[in-house]
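Note sheet for the following structure.
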Amino acid sequence: MNKKLLHFGQFFVFASFFAGTFAFAHSGHTHEEKIRISLPSIVAKVNGEDISNHSILIQLKKTLKGYKKRGLPLTIEEEKITAKKLIDNEIKRTLLLQKGNAIGSKITDKTVEKKFKKIKASFKSNAVFEHELKNRKLTLGQYKKELKVDILMQEVIDREIIPGIKITDEDTKLYYEKNKNQFRMGQRARASVILIKAKRDDMKSEAAARKKINSILKEISSGASFREMAIKHSEDSLAAKGGDLGYFTKDQMFGAFSSRAFDMKVNAVSPMFKSGLGFHILKLTALKKGQVISLDNAKVQIEKVLIKNKVGSATRSYVENLKKKADIKTYF
């Protein structure tokens, strides 16, 4: 969740295009770290446009805090190197923004608002989103301003870089052969569950739940439909669906379920078992063997990965060319 807000959708991708490991997303910081080096108020000038030390200081404090937290505090010399990397990233970012303006990219308030609503909707609630803004020490206005920058940078990449990227069938095949383990699908089970809730450490509640689940299990053993019994008696959110959990691999499902499901025969019903919620019974309804996804079925997924990789490399080259043609002055 935190990453969604911090990276503004594509910010993390942009950062990875550039040298070094220091992202330039202009997020806030939650704890001040003391900076020992001195930065001038203007750290660089790009085609006549000043770059102030404000964003550099924010990111430098954040980086210092990160290394300190891992028990690896930076020396003054390392702090200086980090600042230079951050300034270089900011220069590259500025060049992309200038290019966006040069090619006539127009990012309207309507476009920003549409993107904003999409990101906000990915949070569980407005309260969660607002809490994250507060945690990052960002106002809504600051967030939308950076979001507009994000969209402008993406438009430059969409118009100037992506059209020149081509993925051949040979590229796709080579990736598939080298990464075949990524396309192995493990054994999958499908099961249904019935839950009778019990209050934790409440003997009376547990005894009542145990009695009820045993009664249900007895009816199923006598021929009653598991699905109908789940609809009628189960106390979890899947009751209306007859307790159907759908298909899952062994590592995707709650351990108490998966450890039983993969050791059962299809249509078998488990003995009663207990969890923190109460008492369950499980029915295995289907079992699919593991398989390798074919190249044809994996092709679209592979192409997306290859395009992303090539966009990163192409963007780094593109920005380096912009640097060669630009009038850049650094003051640190």
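Being free of Cβ contacts under 8 Å to residues at least 12 places away in the same chain and either in contact with a Gly (Cβ under 8 Å, 6 or more places away or on another chain) or not small (Gly, Ala, Ser) (or both) is the filter here; which residues of the stretch 67-84 pass it? Residues satisfying the conditions are Tyr67, Lys69, Arg70, Leu72, Pro73, Leu74, Thr75, Glu77, Glu78, Ile81.
Of the residues making up the stretch 288-299, those that are closer than 30 Å to Ala191 by Cα and part of a helix (DSSP H, G or I) are Leu295, Asp296, Asn297, Ala298.
Residues are listed down the side, and each one gets a yes or a no for (1) under 27 Å from the mean Cα position of the chain (by Cα); (2) modelled with pLDDT under 95:
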site	(1), (2)
Arg184	yes, yes
Asp201	no, yes
Ser215	no, no
Ser225	no, no
Lys232	no, no
Ala240	no, yes
Thr249	yes, yes
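Restricting the stretch 76-102 to residues that are among the aliphatic types (A, V, I, L, M) and closer than 12 Å to Ile51 by Cβ, the residue that is surrounded by the most Cβ atoms within 10 Å (Cβ to Cβ) is Leu86. Here the condition is being outside any strand (DSSP E or B) and over 30 Å from Val292 (Cβ atoms); of Ile196, Ile220, it holds for Ile220 alone. Screening Ser215, Ser258 for residues that are among the hydroxyl-bearing types (Ser, Thr, Tyr), more than 20 Å from Ala189 (Cα to Cα) and in a helix (DSSP H, G or I) leaves exactly one candidate, Ser215. Only one of the numbered conditions (1) modelled with pLDDT of 95 or more; (2) among the hydroxyl-bearing types (Ser, Thr, Tyr); (3) under 27 Å from the mean Cα position of the chain (by Cα) is violated by Tyr67, and that is (1).
Within the stretch 182-216, how many residues turn out to be under 30 Å from Leu306 (Cβ atoms), touching a strand residue (DSSP E or B) at 6+ places or on another chain (Cβ under 9 Å) and of a type in the set (S, T, N, Q)? Final tally of qualifying residues: 1. Within the stretch 108-151, the set of residues being in contact with a His (Cβ under 8 Å, 6 or more places away or on another chain) and either among the acidic types (Asp, Glu) or exposed (fewer than 11 other Cβ atoms within 10 Å of the Cβ) (or both) comprises Glu146 only.
Here's the yes/no breakdown for (1) in contact (Cβ under 8 Å) with a residue 60 or more places away in the chain; (2) surrounded by 17 or more Cβ atoms within 10 Å (Cβ to Cβ); (3) of a type outside the set (A, V, I, L, M); (4) over 30 Å from Leu97 (Cβ atoms):
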{"position": "Val266", "(1), (2), (3), (4)": "no, no, no, yes"}
{"position": "Pro271", "(1), (2), (3), (4)": "no, no, yes, yes"}
{"position": "Lys289", "(1), (2), (3), (4)": "yes, no, yes, yes"}
{"position": "Val292", "(1), (2), (3), (4)": "yes, no, no, yes"}
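Kindly indicate whether any position in the stretch 242-256 is in contact with a helix residue (DSSP H, G or I) (Cβ under 8 Å, 6 or more places away or on another chain), assigned by TED's automatic domain parsing to the domain that holds Ser41 and more than 30 Å from Glu170 (Cβ to Cβ). No, because not a single residue in the stretch 242-256 is in contact with a helix residue (DSSP H, G or I) (Cβ under 8 Å, 6 or more places away or on another chain), assigned by TED's automatic domain parsing to the domain that holds Ser41 and more than 30 Å from Glu170 (Cβ to Cβ). In the condition set (1) at pLDDT below 95; (2) closer than 23 Å to Leu96 by Cα; (3) surrounded by fewer than 15 Cβ atoms within 10 Å (Cβ to Cβ); (4) not polar (S, T, N, Q), Phe332 is compliant with all but (3). When each of Ile167, Ile151, Ile161 is tested for being more than 30 Å from Ser275 (Cα to Cα), in contact (Cβ under 8 Å) with a residue 12 or more places away in the chain and part of a loop (DSSP other than H, G, I, E, B), the lone residue that passes is Ile167.
The values are calculated or read from the model by the stated rules, or taken from the named source; none is laboratory data. Values in this document were obtained by computation on a predicted structure and should not be read as measured data. Glycine gets a Cβ as well: all are built from the backbone with ideal geometry, and neighbour counts include every protein chain shown.
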